[in-house]
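The values are calculated or read from the model by the stated rules, or taken from the named source; none is laboratory data. This structure is a prediction, so every number in the text was calculated from the model and none was measured. Because the Cβ atoms are built from the backbone with ideal geometry, glycine has one as well, and the counts that use them run over all protein chains shown. These accessible areas exclude ligands, DNA and RNA; they are computed on the full protein's heavy atoms, side chains included. Shrake-Rupley method; radii C 1.70, N 1.55, O 1.52, S 1.80 Å.
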Amino acid sequence: MAEYELRPDRSTLHGSFSKDHPPILRIQSGDTIRFETIDAGWNAGPFPPDGERAKFCPRQSPQDDGHALVGPVYIEEAKPGLTLAVRINELRPGSWGWSSAGGFGSVINKRLKLHEGDEYVLLWELDAKTNTGTSHLGHTIKLNPFVGLMGMPPAEEGLHSTHPPRYCGGNLDCKELVAGSTLYLPISVEGGLFSVGDGHAAQGDGEVASPALESPMELVDLTFHVLDKHLSYPRAETPSAYVTFGFHEDVHEAAMIALEGMLNWMQELYGFERKESLTLASLLVDLRITQLVNGVRGVHAILEHDKIIRPSEEK
């Protein structure tokens, strides 16, 4: 299987999804790509304590209005109706990042009455060796690096925003997608046209301030496999759990979509009946708010691997 490297430059970056975006690379199922990404805001480097944020390269509107993504990548075997399995082999954040809250009119900021005045910004130094981040004010936190955005365009015509998550992936913002995980995405266009970006060095469930700890990624090492399987929504297997996703403007409906996906998977994995799956899900499955800040809310259902113990076949 072949291995490739993709680095960010004006020819590899874009800020929208579209089935008409020309691919920057063509690969085969089973191939691996080692990506480097810039932060979601197209920033060139660490923020100065006071002053203008320098941008990585000029942007063209409207195709670059969203998150800075590297791609798209065309996978030769990818066809609508099949599934793209994305194995996350290794993740390494850059040396800097930023986080912020308040000062703009998000739903949460308005609800908390923090939308007026200046945006509150923390500037972070990141140490991948010790897995810690230290803010310019001295806060120290443990890192949990992942990429917030992995996905493909929908089949509909036109440009599509990078902000909402969709059935074909996108801005999932799920902190469970660490190294060692595999993300399964429905393919809706020929070749898939996969893109990646929006590195997060750390994030809590909900991503309540809108940004997470936004950072470039020195390495996002991914292996791609096309599977002859039909999915209607993304799912993932992490080192410790099965995860299914739901997206909707209403958080309750998002939860129901994630739950339905988990019931389907439990039936596939264990051969349970539908009501049997729901009965056990009430005991074993956790529903968590992935994010509340992307217009389309996200909920993910988690079934930890060690929660279900199969009866011994020995009598």
Simple SL model, points at 7 angstrom along Cα→Cβ for K307 and K113; separation in nm is 3.9 nm
Where in the chain lies the longest segment free of GluC sites (Glu not before Pro) that are both loop residues by DSSP (not H, G, I, E, B) and have at most 16 other Cβ atoms within 10 Å? 191-248
Percent accessible area from carbon and sulfur atoms, the chain, protein chains only, probe 1.4 Å: 52 percent
Flagged as over-length at 23 Å C-alpha distance, from K55/K142; K142/K175; K175/K307; K19/K55; K175/K229, the pairs are K55/K142; K19/K55; K175/K229
Between the Cα axis of helix 274-284 and the main Cα principal axis of the chain, the angle (0 to 90°, nearest 10) is 50 degrees
I'd like the accessible area for S61: 1.4 Å probe, protein heavy atoms, all chains in place, Å² to the nearest 10. 90 Å²
May I ask you to rank M1, M262 by accessible area, largest first, using a 1.4 Å probe over the protein chains only? M1, M262
By accessible area with a 1.4 Å probe, ligands and nucleic acids excluded, highest first: order of F35, F47: F47, F35
Between D9 and L137, the two model label points (7 Å from Cα along the beta-carbon direction) sit apart by a distance in nm of 4.0 nm
Ordering H230, H200, H136, H225 by accessible area with a probe of 1.4 Å, largest first, what comes out? H230, H136, H225, H200
The chain, accessible area per residue, ligands and nucleic acids excluded (1.4 Å, Å²): 46 Å²
The stretch 52-73 and the stretch 236-281: distance between their alpha carbon centers, rounded to Å: 35 Å
Can you list residues whose amide H is under 5 Å from L25's amide H, if they're 5+ apart or on another chain and H is modeled 1.01 Å from N? Y74
Surface accessible to a 1.4 Å probe, Y4 within the full protein complex, Å²: 70 Å²
Along the charge dipole of the chain, pointing to its positive end and built from +1/-1 on Cβ of Lys, Arg, Asp and Glu, which listed residue (H230, I257, G192) has its Cα farthest out? I257
